[in-house]
Structures are given as structure tokens and as C-alpha cells.
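Since the structure comes first, as C-alpha cells, the remarks are kept for the end.
The values are calculated or read from the model by the stated rules, or taken from the named source; none is laboratory data. Quick caveat, the model's predicted, so the values are computed rather than measured. Here the Cβ is made from the backbone with ideal geometry for all residues, glycine too, and neighbour counts use every protein chain on show. The protein model used for the area step is the full one, side chains on, heavy atoms only, and it has no ligands, DNA or RNA in it. Shrake-Rupley method; radii C 1.70, N 1.55, O 1.52, S 1.80 Å.
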Amino acid sequence: MESIIYNLVVVLGPTASGKTSFAAHLAHSLNGEVISADSRQIYRRMNIGTGKDYKDYVVNGNSIPVHLTDIAEPGYKYSVYEYQRDFYRVFNDITARVKFPVLCGGSGMYIDAATRNYRLIEVPVNEKLRRDLRDKSLEELASMLAKMKDLHNKTDTDTVEHALRAIEIQKYYDEHKDSLPEIPVINPVYIGILFDRKLERERITVRLKNRLKEGMVEEVKQLLESGVPAESLSYYGLEYRYVTSYLTGKLDYETMVSQLNTAIHQFAKRQRTWFRKMEREGCLIHWLDGESPMKEKIDRALKILRTS
């Protein structure tokens, strides 16, 4: 008898790889719901530039629920700490309703926060502790930390600053055990969508042209007119940064489009680098050919998910 041995599917890939549509079709096949892992789609009224593409969540006439989009106002700097908290809440809600969660996105830090089983809490600086430890060597700090926790993360002890911060965090955890959020047991499987580089570049360029036709410049203009500062919009990613530069007179239209297109290609390269880093750190990513028909991709994903 077949059974699914995982309790979360992570759909990832570079920008313009068709992740959203695939994740929605997979969720439909699994009686599931999608959780966004996109650091920009959490913002309301930022739709075209962030590629929310809500039409992709309609599969065979059924609207697939999607979570963690449109939950914050533009201008607010939503943190990865908040994302982990909100992800756990949504994950627990979906599984409690006996639905299958499908995490979808290209924001590596958000994916890590959701799946790597480490706590993210905004731990305040402990000035007294730092004064007490300021004369300690790296070896002494590493020895102290080893007595407090298992040293799985090598970066905790690669510098005095990192070791001190790791001790500060662990001490905070030890003193606030009762108030720390519970980490759910997550057993993820990672499925990636990938096109060859030439086709990926073509898809990025075509998508940018389509977004401009759909009103991306007008979207950014409305955000500026609503009172969102230009410097804040630049924080929300490449599309908003470059279009804002055009609207504020720093770039002409043709230069904006050309530079933005190049920047998105460079961003896709950084995403692939992050995914390779995940693989080096032990994450097995099952890569699917983006050019394969949707049914073929879904059938292969379901085969990966199931075991006898």
C-alpha cells in the first residue's frame, strides 16, 4: 500500500521557472494548500511586480488556497523571524484540517526558516553578558558554547563576534524556554523546477515585458502616490527599485527596462547559487525539467512523494 512519507512539499526554483502553477497543480492532486515563500508577496497592493499571478491558483475550475500573501502593508519591513512564526501557524492549521501543505517560492532564507528546524527569535543584545565575556578568547567562548548546546553550525565559532552572539542567543533560549514557540515536526521533500539557461533568460525577458504591459509602472506610481516613500519601495526588490528610479527621474524608460532585465538575470543566478548551497548542506532537491508537460511533472512529483 502506498503512503506519503513527507508532511511538506517544498517547490523551489529560480524566478520565472513556473513554480506557482506547478505548486497549485500539485496541491490540487494532494488535496492541499499552498504556502508562499516569497519575501515580497506578503505585501498588499504589490501584485504585478511581485508576480502573485492569482490565476495560476485556479486548477480545473478549483481555486487552490494560498497563504502568507497580502498580510502586510507596503512600507512595513516584515522580518524572517515573523515569517517563521507565521509559517508555523499556517502549517499547523493546514495539517490540523488534514490538508497537505505545499511551500512554494524562491526566497532561500524563507525556505530555510520554514524547513531547517532552527528557532528564529529576535534576541536582544545582552550588554552585561557582553561586558563579562569581552576578554575571552575564541577558544574559551567556543568551549563555553559547547557546554550549552551541540555545535552543529560551524559559523557559530568561526569568529569571536559569532561565538559571542551564539552564546547570547543560547542563554536567552535557556532563560525563556516557557515562552518560546514550539517547532512542529517537519519532514520536507524538495522539488525544484529548472529550465536550461538560454530558455530561462528568454522567459525572464518575456515575463518582464508582459508585466510592463500589464501595468507594473502604474502599480508603482500608485504606491508612491499613496504615501509609500521611494526609499521604502526600493527595499522591496528589483522591479520596485528600478521602476521607482524611473518614476523619480533617475533613469529614462529604456535604461530602466534594460538595467532591470539584466538585474533579474543576475538575481536568478544568485538563486541557483543558494539552491546549490542547500544541496551541499544536505538538502536533496529533486529537479524537474521545466519544459516537461505539467502532467508529467506532477506524476513524477507524486512518485517522489510516495513509497511502498
Return the residue satisfying two criteria in turn: it lies in region 30-39 and is in contact with a Ser or Thr (Cβ under 7 Å, 6 or more places away or on another chain), open to solvent by less than 40 Å² (accessible area, probe 1.4 Å) and in a loop (DSSP other than H, G, I, E, B), and of such residues it is farthest from ASP299 (Cα to Cα).
ASP38
Being β-branched (Val, Ile, Thr) and either modelled with pLDDT of 95 or more or under 17 Å from the mean Cα position of the chain (by Cα) (or both) is the filter here, so list the residues in region 1-47 that pass it.
VAL9, VAL10, VAL11, THR15, THR20, VAL34, ILE35, ILE42
Restrict the check to region 84-96 and report whether at least one residue is assigned to a loop (DSSP other than H, G, I, E, B), farther than 27 Å from HIS162 by Cβ, out of contact with any Phe, Trp or Tyr (no Cβ under 8 Å at 6 or more places or on another chain) and not small (Gly, Ala, Ser).
no
Can you name the condition, by its number, that VAL58 falls short on among (1) under 21 Å from SER292 (Cα atoms); (2) in contact (Cβ under 8 Å) with a residue 40 or more places away in the chain?
(2)
Name the single residue that is least open to solvent (accessible area, probe 1.4 Å) among those in region 273-292 being outside any helix (DSSP H, G or I) and among the charged types (D, E, K, R).
ASP289
Do we have any residue at all in region 84-100 that's of a type outside the set (Val, Ile, Thr) and closer than 21 Å to ASP299 by Cα?
yes
Only one of (1) without any contact (Cβ under 8 Å) to a residue 60 or more places away in the chain; (2) buried (at least 20 other Cβ atoms within 10 Å of the Cβ); (3) of a type outside the set (Ser, Thr, Tyr) fails for LEU12. Which number is that?
(1)
Of the residues that sit in region 210-251 and are surrounded by fewer than 16 Cβ atoms within 10 Å (Cβ to Cβ), free of Cβ contacts under 8 Å to residues at least 40 places away in the same chain and part of a helix (DSSP H, G or I), which one is farthest from the chain's Cα centre (by Cα)?
GLU225
